[in-house]
Amino acid sequence: MVTYSKRWSAATRRAINMADPSGHVPNNEFRERLVEKVQLNVTETGKLAQQLLKSSRSHEILSQTTKQFVNQEGAIANSQELLKQSGRIISDMESQFADIQHRIQTVNNINEHLEPIWSSPHVTK
């Protein structure tokens, strides 16, 4: 009958039985190598699972970032349109300001021409 250490998992015990189908207990060196290989495989499987989980999270983050980027693209296009409209408004206001300055100058010129007439003694106030 084969006796097993209590710390060995069921998978390790099955592997030992498969390695020695006659039912004889394998020597200690073989058992130690087998345990090391099983532990290494479990460790490597854990690392693989961590990498898969990490890459899964990376994919989710990339997907969220892409969606946010696409949403920002619309906001940027809207901002560009608003900037164009603001530019047109500024241009219109500059033109109106120039017209107002010209009219003020015209009014000042008229006042200069009318000042002598209004200040003459013949005009009744």
query: Do the conditions hold for S9, that is, is it over 48 Å from the mean Cα position of the chain (by Cα), of a type outside the set (D, E) and at pLDDT below 85?
result: no
- prompt: Quick one: is L114 under 40 Å from the mean Cα position of the chain (by Cα), surrounded by 10 or more Cβ atoms within 10 Å (Cβ to Cβ) and not charged (D, E, K, R)?
  reply: no
- prompt: Hey, among L62, L40, which residue is at pLDDT below 85 and either among the hydrophobic types (A, V, I, L, M, F, W, C) or outside any helix (DSSP H, G or I) (or both)?
  reply: L62
query: part of a helix (DSSP H, G or I) and touching a Ser or Thr at 6+ places or on another chain (Cβ under 8 Å), is that true of V35?
result: yes
- prompt: Is at least one residue of region 97-110 of a type in the set (G, A, S), modelled with pLDDT of 85 or more and assigned to a helix (DSSP H, G or I)?
  reply: yes
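The values are calculated or read from the model by the stated rules, or taken from the named source; none is laboratory data. Keep in mind the model is a prediction, meaning the values are calculated, not measured. Because the Cβ atoms are built from the backbone with ideal geometry, glycine has one as well, and the counts that use them run over all protein chains shown.
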